[in-house]
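Here is the structure we will look at, set down as structure tokens.
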Amino acid sequence: MLENRTPDLAAFWMPFTANRQFKANPRLLASAKDMYYTASDGHQVLDGTAGLWCVNAGHCRDKITKAVQTKVAELDFAPTFQMGHPEAFELASRLAALMPGPLNHVFFTNSGSESVDTALKIALAYHRLRGDGARTRLIGRERGYHGVGFGGLSVGGIANNRKHFGPLLPGVDHLPHTHNLDHNAFTKGEPAWGAHLADELERIVTLHDASTIAAVIVEPMAGSTGVLIPPQGYLQRLRAICDKYGILLIFDEVICGFGRLGTPFGVNYFGVQPDLVTTAKGLTNGTIPMGAVFATDAVHDAFMTGPDGAIEFLHGYTYSGHPVATAAALATLDVYAEEGLLTRGAELAPYFEDAVHSLRGLPHVIDIRNIGLVAGIELQSRPGAIGARAYEAFVKCFEAGLLIRTTGDIIALSPPLIIEKHHIDTLIGQLADILKTLV
Ligand code: PXG
């Protein structure tokens, strides 16, 4: 039964939220099914963002729910330090089979942030184990988002997220971001301009010497910062430069992974093979927190040396490979496979692209960009009030029955991959109506 009640909001210090503003005018969700949330006042909300980019198979899918219910009653917890339970191994094998190329080893975490910090630690330890311990520098990218751990924050490039928490990790550099409206506004798919920005890595290598650089980490498509789509050839060029200098390349696929781009992973979409891949979110359809880091045979095997009985990588979380999360992930992979969801985005992308680009010409819209089942709609900011216009759109959309996500003045759309064309029509139609009302 839904109850229209507002609890005392004071104690919950909410994440990435304007707490005082929210608590003055809260938006509470009560339940969810497939493409819709039901708010606590009973109104239906079409989910245009798959929760927070994670509910790729749609909400409250029976198979996943039942798998979780069964497992929590059967094996509530099992240590994975010097112990195990069979399904964690089964899940790792299935994930390795899904991921292209030699990314055959999987380290479990509980979030994207933990996946990122795990991958950075693997990269540092890998070089150290190979006698290349001077390789300690990590390279991220401006506007990159790699979660909120100190490692991910250090390589991340969203200035506002970083500024209160320094000093961050030393020895970190940032590539320039690739966002440029003068060259690329209203591009459909990968923009033609900008591959040369990868050459900035050459400049950083020259400055510090390749022998000091451990890894480069980028999101293949940068989601959280406002949907920045890589220029054609950019990721290929990063890979080539990393190869030239023995630098590991990490793809942060916390958002791109599990079908968002219309392929199982960004690795498939761009045809570029990184050394490490970080994932979370869609791994369990958002049902239970879980992340996974994929490592190549070469990276993994570099650790499998030393005396028998030595712990090869002194890292892990109490809940790495948690049985209930594992059950959720296995059921999620079943749903993805049964319904072809990891490639469904590719079928729908042309329709979605046309629908999203139909917003061109509406008031304040200065760019529209898209890839797979992701779109970014950038609005002109109000002078002196960055983010205010998009926030107003977000609130009006929610009230009208539509969940969108905004960052600054960029609206991001990333619906569940079960979306149908009529939902796309509703999503874009309602959003258009609201954009027309913005001052
Ligand atoms: N890497 C990437 C690429 C992400 O997008 C993280 C790491 C961190 O994941 P966790 O599970 O620790 O939050 C993310 C998370 C948004 C939004 O609205 C995006 C994220 C999280 C919350 C909101 O864009 N991405």
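Values for this structure:
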read-out	value
Charge dipole magnitude, Cβ of K and R +1, D and E -1 - the stretch 6-90, Cα centre, debye nearest 20	280
Neighbour net charge for Asp433 - beta-carbon separation under 15 angstrom, K R +1, D E -1	-1
Karplus-derived HN-Hα couplings along the stretch 21-30 (A = 6.51, B = -1.76, C = 1.60, θ = phi - 60°), whole Hz, x at Gly and Pro	5, 4, 5, 6, 8, x, 10, 10, 9, 10
Ascending count of other beta-carbon atoms within 10 Å, so fewest first, for Val293, Val72, Val277, Val335	Val72, Val335, Val293, Val277
J(HN,Hα) series, the stretch 384-397, from Karplus relation 6.51 cos²θ - 1.76 cosθ + 1.60, nearest Hz, glycine and proline x	x, 9, 4, x, 5, 5, 5, 4, 4, 4, 4, 5, 5, 4
Rg/Rg_ref, the stretch 281-420, where Rg_ref = 2.2 N^0.38 Å and atoms are Cα	1.46
Phi to ³J(HN,Hα) by Karplus 6.51 cos²θ - 1.76 cosθ + 1.60 over the stretch 68-76, Hz, x for Gly, Pro	5, 4, 5, 5, 5, 7, 9, 8, 5
Exposure proxy order (Cβ contacts within 10 Å, fewest to most) of Glu202, Glu353, Glu338, Glu378	Glu338, Glu202, Glu353, Glu378
Percent of beta bridges antiparallel (DSSP, the chain, rounded to nearest 5)	65
Cα-based reach from Lys244 at 15 Å (exclusive), listing aspartates and glutamates while leaving out same-chain residues under 8 positions away	Asp199, Glu200, Glu202, Asp209, Asp275
Sum of side-chain charges, Val293 neighbourhood, beta-carbon under 13 Å (Lys, Arg +1; Asp, Glu -1)	-4
Entries of Lys66/Lys188; Lys66/Lys421; Lys23/Lys121; Lys33/Lys396; Lys188/Lys396 with Cα pairs more than 31 Å apart	Lys66/Lys188; Lys23/Lys121
Rounded D (µm²/s) - the stretch 27-149, Kirkwood Rh over Cα pairs, Stokes-Einstein at 37 °C, 0.692 mPa s	178
Amide H contacts of Ser40 (H built 1.01 Å from N, under 5 Å, at least 5 apart or other chain)	Leu28, Leu29, Ala30
Ranked Arg137, Arg237, criterion: other C-beta atoms within 10 Å, fewest first	Arg237, Arg137
Whole-angstrom gap from the stretch 86-147 to the stretch 383-439, using each part's C-alpha centre	34
Simple label model, 7 Å out from Cα along Cβ direction - Leu28 to Val72, nm	2.0
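Quick note: the coordinates plus some simple rules give every number you see, no bench work behind them. Fair warning: this is a prediction, and the values are worked out from it, not measured in the lab. Don't worry about glycine lacking a Cβ; one is built from the backbone with ideal geometry, like all the others, and counts go over all protein chains shown.
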